[in-house]
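Structure, as structure tokens:
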Amino acid sequence: MVAPHVLKSTALAFLNSLALMPNTTTEDPVRFDMQAIRAVRAPNYSHTFGHNFFVSQSPPLQGTSDLDGFMERVGKMTLKLESETKEVLSVAVDAGERSAVARVAYQMKAPGQQPVENDLIWWLWMDNKGTKVEKSVEFVDPAATKELQNRMNASASAAPKYL
């Protein structure tokens, strides 16, 4: 059995890998440390979203992403964010299942808009050593997700158009 502190450390590394790099803006083509993202995920990593009804009504959240698909999705979204901060509120570990559940409050801000708090639950399953995440399910706040999308769309509409 993997020690609980190893699983918690891996869960925190997973969450921290999703932080925007300092001194980047929506003009930068890459805003995450892609090596840090890959470092804590297994080659067979897969990602899905929950809650089922909300996901069934939100085509961009449907299906399963592999590591490259996950990185592409996250990369595209961050190009629409002016800033993002997070606070890890709690992490619960199940050593027998090699899993961890984390509640994280993200403050996500589209350019020219007020931040939206997206209160997420991440459910993570680790490999046999407990040092890589093999599978994640991300439970997003449906109301916050829709509001953030509206604000990102409003920011995109207000952006200057160049010929």
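The values are calculated or read from the model by the stated rules, or taken from the named source; none is laboratory data. This is a predicted model, so every value here is computed, not measured. We place every Cβ from the backbone using ideal geometry, glycine too, and count neighbours over all the protein chains shown.
When we screen ARG38, ARG73, ARG103 for residues that are over 22 Å from THR145 (Cα atoms), basic (Lys, Arg), surrounded by fewer than 18 Cβ atoms within 10 Å (Cβ to Cβ) and within 15 Å of the chain's Cα centre (by Cα), the only hit is ARG38. When ASP33, ASP28, ASP66 are checked against the criterion of being in contact with a strand residue (DSSP E or B) (Cβ under 9 Å, 6 or more places away or on another chain) and of a type outside the set (A, V, I, L, M, F, W, C), a single residue qualifies: ASP66. Find the residue count for the stretch 6-38, including only residues that are free of Cβ contacts under 8 Å to residues at least 24 places away in the same chain, part of a helix (DSSP H, G or I) and not polar (S, T, N, Q). Adding up the residues that qualify gives 1. Does the stretch 111-119 include one or more residues that are crowded, with 18+ Cβ neighbours inside 10 Å, within 23 Å of PRO60 (Cβ to Cβ) and modelled with pLDDT of 95 or more? Taking every residue of the stretch 111-119 in turn, at least one turns out to be crowded, with 18+ Cβ neighbours inside 10 Å, within 23 Å of PRO60 (Cβ to Cβ) and modelled with pLDDT of 95 or more. Looking only at strands (runs of 3 or more DSSP E) that lie completely in the stretch 53-163, which have at least 2 residues being hydroxyl-bearing (Ser, Thr, Tyr) and out of contact with any Pro (no Cβ under 6 Å at 6 or more places or on another chain)? Where strands (runs of 3 or more DSSP E) fall fully within the stretch 53-163 and carry at least 2 residues being hydroxyl-bearing (Ser, Thr, Tyr) and out of contact with any Pro (no Cβ under 6 Å at 6 or more places or on another chain), they are 83-94, 99-109.
Restricting GLU87, GLU134, GLU97 to residues that are surrounded by fewer than 14 Cβ atoms within 10 Å (Cβ to Cβ) and under 20 Å from SER17 (Cβ atoms) narrows the list to GLU87.
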